[in-house]
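The values are calculated or read from the model by the stated rules, or taken from the named source; none is laboratory data. From a predicted model like this one, the values you see are computed outputs, not experimental measurements. Reconstructed Cβ throughout: ideal geometry from the backbone, glycine too, with neighbour counts over all protein chains shown. Side chains are part of the model used for accessible areas, which takes the heavy atoms of the whole protein and leaves out ligands, DNA and RNA. Shrake-Rupley method; radii C 1.70, N 1.55, O 1.52, S 1.80 Å.
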Amino acid sequence: MASHVTPSFVRPLLRAYVLPHAGWLALLGVFLAGTTALQLSGPLLTRRFIDLARGGAGAGDLAWTAGAYVASAVAVQVISVADSYVAGGVAWRATNRLRDDLFLHCMRLDLPFHHEHTPGALIERIDGDVTTLQNLFSSFLVNLAGNILLLICVLAILFAVDWRIGLYMTLFAALVLTVLHRLRRRAVGAWRVERQVSAELFGYLEEVLGATEDIRSSGATPYATRAFQRRSRALRRARLRAFVVVAVVVGMTLAMLEPGVAGALWLAGLLLERHGVSLGTVYLVFNYAVLLTGPLEHIGHEVRDLQSAGAGAARIAELLARQPVLDEPALPAASLPDHALPVAFERVWFAYGDGEPVLRDVRFELPAGEVLGVLGPTGSGKTTLARLLVRFYDPGRGAVRIGGRDLREVRRESLRAHVALVPQEVQLMNATVRDNLALFDASVPDARILQAVEDLGLASLMARLPGGLDTVLAPGGADLSAGEAQLLALARALLLDPGLVVLDEASSRIDPATERMLDAAMDRLLRGRTAVVIAHRLSTIERADRILVLEHGRVREEGPRAALLADGSSRLSELLRAGLEETLA
């Protein structure tokens with residue numbers, strides 16, 4: 001029965017995340033057997049009490065029977081509490097492990113995936129979709145098995161009382177289950193749409209809340225509100241459609257149950273009139289008929305959770321099926337050496353998806369230990385060049401080589417350990433300064449962190465932090481200035497001790513004192529290392545050994561900085577005469 005009720009895309013999740021808790025599931029099975037036996041004993045004790053009372057039995061026998069009935073009812077409640085506790089524990093452990101796996105899977109996926117999905121939508125996928133499985137992982141299957149067991153036992157007892165009543169109730173149960181099964185298939189699609197619309201709403205919320213300042217300052221609040229209302233209405237319509245389907249399922253189930261009970265009672269009455277069965281037996285038939293409706297009604301009510309879980313499981317399966325676009329390096333994969341690394345672009349072409357090429361036949365070589373300043377207007381391909389250097393993407397044609405190795409041949413762990421990216425938008429987390437610098441690597445000693453801070457000349461910055469390395473930063477580093485955040489990002493890169501630094505220099509306006517600290521820290525970080533720096537400031541040009549000017553995705557000019565400056569007709573000289581910061585803005 002479970003294979004018919006549970007969608008096929010749920011079963012792999014159950015095997016992977018619920019079955020490992022076999023011991024707890026066995027305990028739930030014991031609870032199930034005990035609850036079923038106690039539920040079956042209730043009508044039997046009631047029949048005994050009625051027949052004893054009509055037969056003139058003594059008060060002691062009646063009291064014993066009534067006491068057994070009360071004890072049975074109390075035991076059912078006690079077992080139900082224990083069952084809920086154990087089932088809830090299984091569900092939380094299973095769903096939290098699933099959340100961990102989904103999070104790690106998303107972190108392993110390439111940059112194109114994250115550009116396609118907003119953080120808000122991914123939060124809904126990792127948490128919201130998994131939450132829909134909570135009931136399925138905790139009690140649905142156990143309840144389903146319990147209800148099926150109870151159903152079979154009740155039908156068996158009714159057959160033992162009279163085969164005609166047993167046959168009638170068996171046909172009735174088969175009809176109800178058939179209707180539920182057919183309606184369930186239609187409902188899964190409605191819930192899948194609801195989950196998708198919900199993810200879109202959360203993605204929009206994340207986008208809008210992250211741009212609150214811009215939206216308010218530009219007077220776009222009414223537009224943002226209307227867009228939110230449109231998405232909210234879409235979610236309401238999608239959820240309403242899903243609830244209507246569930247209501248139809250549950251309503252049809254309830255509508256079918258009452259005639260079934262009435263028919264069983266009518267047959268029992270005929271037995272009383274024509275075959276002389278006891279009044280207690282009539283009540284037993286009625287009681288078991290009512291008890292039989294419980295599993296059927298419960299299955300009807302569980303359809304909503306199953307449909308929602310089925311839709312969530314389908315979206316989870318889609319997410320887990322998504323594979324990285326970048327191929328793993330062929331074995332044996334190469335490792336990068338522990339020293340300054342030369343860089344070479346060999347006729348590199350690159351386009352995002354099916355769009356126009358962003359880089360066109362880009363060629364240059366950067367010797368080990370030298371600094372390359374990359375210039376060019378917005379949209380010239382500077383950021384794309386940086387992304388290729390850290391292998392967020394692979395070139396469509398050509399090759400990117402670091403340390404003489406094509407990056408497609410280098411182990412990712414080695415690439416991450418030897419190439420450091422310092423982005424323009426520094427990401428600081430709501431954690432201690434220590435964790436932000438060491439990226440939660442507990443094996444990095446404090447002495448090494450403090451040495452890196454000292455080497456970069458950041459002792460005065462650390463002195464201003466109330467708890468030193470134990471200072472907890474606000475989310476996003478909101479309690480630091482843009483310059484201070486950039487300084488911490490440089491310290492993070494120095495701790496990595498890379499052979500190549502890819503630096504997208506910050507263009508935010510910073511005060512002169514912080515700018516001096518930033519320049520000194522950059523000098524220390526780049527010393528003895530190869531560096532590719534996307535330049536926005538004149539001071540960066542002054543520290544570059546070579547210059548690369550990109551325009552429209554092509555190399556407009558490349559060569560030693562001194563030689564280009566000496567040539568008054570060079571593109572670099574033209575940019576400097578025009579005012580570099582204004583030209584590159």
_Gyration tensor over alpha-carbon atoms, the range 331-456, equivalent ellipsoid semi-axes in Å_ = 29, 18, 15
*Which entry in [x] 19, 51, 27, 3, 0; [y] 19, 40, 23, 12, 4, 2, 0; [z] 16, 35, 25, 16, 8, 1, 0 is this structure's computed P(r) over Cα pairs in 20 Å bins from 0, in percent?*
[z]
*Read phi for every residue in the range 239-248 and hand back ³J(HN,Hα) as whole Hz from Karplus 6.51 cos²θ - 1.76 cosθ + 1.60, θ = phi - 60°, with x for Gly and Pro.*
5, 5, 4, 5, 5, 4, 4, 5, 4, 5
*Modelled label-to-label distance, Asp479 and Val78, 7 Å Cα→beta-carbon offset: nm?*
5.2 nm
*Based on the mean of other beta carbon atoms within 10 Å per residue, what is the order of 497-504, 80-87, 524-531, most packed first?*
497-504, 524-531, 80-87
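With a 1.4 Å probe and every protein chain left in place, work out the accessible area per residue of the range 1-110 in Å², rounded to a whole number. Mind showing how you got there, number by number?
Values: 5970 Å² over 110 residues.
That works out to 54 Å² per residue.
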*Report, for the chain, the % of DSSP beta bridges that are antiparallel, rounded to 5.*
55 percent
*At 0.36 nm per residue, minus the direct Cα-Cα distance, what do Thr221 and Asp441 gain on full extension? Give it in nm, one decimal, please.*
75.0 nm
*At q = 0.18 Å⁻¹, what is the log10 ratio I(q)/I(0) for the range 461-517, with the Debye formula run over Cα points and no solvent?*
-0.73
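Using the per-residue mean of other Cβ atoms lying within 10 Å as a proxy for protection, in what order, highest first, do the peptides 171-177, 122-128 fall?
Going from most to least packed, we get 122-128, 171-177.
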*Principal axes of the range 1-133: Cα extent on each, largest first, Å*: 82, 27, 26
*Using a probe of 1.4 angstrom, how much of the accessible area of the chain is carbon and sulfur, in percent?*
59 percent
*Order of 394-403, 333-342, 316-325 by packing, highest average Cβ count within 10 Å first?*
394-403, 333-342, 316-325
*Can you give me the Cα centroid spacing of the range 57-113 and the range 364-385 in angstrom?*
60 Å
_At 0.36 nm per residue, and after removing the present C-alpha to C-alpha distance, how many nm does the segment from Gln229 to Val244 gain when stretched out fully?_
3.2 nm
*Provide the per residue accessible area, probe 1.4 Å, for the range 327-485, rounded to a whole number of square angstrom.*
48 Å²
